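Worksheet for the structure shown next.
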Amino acid sequence: MKKTAIVLGGVVLILLYLIFLAGGNEYEDHDVADLEREELFRITEELLEASEAWPVQLTAEGVEVSSSLDPYPVRSVRYSVEVEGDFEKAIAYVKDETYSGPGRRDQPHLDKYEVTLYEKDKDDVPYEWVRRSVHIAPPPGGNRDAVVMYFEDRPAPNVYRVAFQSVETIDGKAFPEVENTVRFKVLPSMYKIVETTPGKILVRKVEAVDPRGAMSSLMNNYFISLLFFRNFMFEQAQAMYVMLATSG
């Protein structure tokens, strides 16, 4: 019995190691100056196009969500929102979400969790910016933060897009950290809004996130991504649909 218990204990420890710790991914760190906006738009447009073929996994009125392990070593999640509404209001909604998160907007005492660390204006309007976003998780989950650079673009009157990915430094200087958090990685991702016909809007977002830290690929791809991140994106898309449909 004692020998059996030891063997079972060893098996449990191995399983826990495989689920939580084994096979984490390593990524190159990026400085703000390293990112080339046209290259980032090219990569993320290709990702968005590829995501059209991913099987739909979650649906609601006007909303579809799918995910894939290609082309990144972590799961990408993609949603589409098709709604009758105002194109400019959809743009304002996305800009509001990416430039200044609701934690900082609505609760100034939470400004250490949502803050724009860098911006570059065009016609007095930010069109490149870096935002830090801290996610506070209840125990036993850990607190995590990301510092992400966003590029805004409007290549046609009926198209608006934002390409984004993580950055670690600006001019070689590290961004400030928030105590008791682990920095996570946002891989090249995109938001895109198209007015397909007058009054009809298609919003798509494809995003890949790696919690980094001591998380295994198995834990990230089959637990965090499927059970949390995918559902979070689904709820985000549903909230967008409701707001755009009622404000159109």
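Tabulated data for the structure shown
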{"read-out": "Whole-number Å³ per residue for the convex hull built on Cα positions in the chain", "value": "158"}
{"read-out": "At least 24 Å along the helix axis (C-alpha) and Kyte average at least 0.5, DSSP helices within the chain", "value": "2-20"}
{"read-out": "Computed FRET value (nearest 0.05) for Thr4 with Thr246, which takes r as the C-beta separation and R₀ as 45 Å", "value": "0.15"}
{"read-out": "Average Cα contact separation per residue, the chain, under 8 Å, 6 or more apart, as relative contact order %", "value": "27"}
{"read-out": "Cα centre as origin, Lys/Arg/Asp/Glu Cβ charges: the range 2-247 dipole, Debye", "value": "1160"}
{"read-out": "Eligible lysines near Lys173 by straight Cα distance, threshold 26 Å, same-chain separation 8 or greater", "value": "Lys112, Lys120, Lys122, Lys185"}
{"read-out": "Residues Arg131, Arg42 arranged by fewest to most Cβ contacts within 10 Å", "value": "Arg42, Arg131"}
{"read-out": "Mean ellipticity per residue at 222 nm, deg cm²/dmol - from DSSP H runs of n ≥ 4 across the chain, formula -39500 (n - 2.57)", "value": "-9000 deg cm²/dmol"}
{"read-out": "Label-point separation in nm, His135 to Val182, each point 7 Å along Cα→Cβ", "value": "1.2"}
{"read-out": "Farthest toward positive dipole pole in the range 2-247 [+1 Lys/Arg, -1 Asp/Glu at C-beta], among Thr197, Tyr72, Gly85", "value": "Tyr72"}
{"read-out": "Extension gain, Thr196 back to Asp96 (0.36 nm per residue minus Cα-Cα distance, nm)", "value": "33.8 nm"}
{"read-out": "Cα lying deepest toward the dipole's positive end in the range 131-187, options Val147, Val134, Gln165, charges on Cβ", "value": "Gln165"}
{"read-out": "Distance (nanometres) between label positions extended 7 Å along Cα→Cβ at Leu226 and Glu119", "value": "4.1"}
{"read-out": "Length gained when the stretch Thr59-Ile170 is fully extended (0.36 nm per residue, less Cα-Cα span)", "value": "36.0 nm"}
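Where a number appears in this text, it was derived from the coordinates with a stated rule and is not lab data. This one's a predicted model, so the numbers in the text were calculated from it and none came from an experiment. Cβ atoms come from the backbone with ideal geometry, glycine included; neighbour counts cover every protein chain shown.
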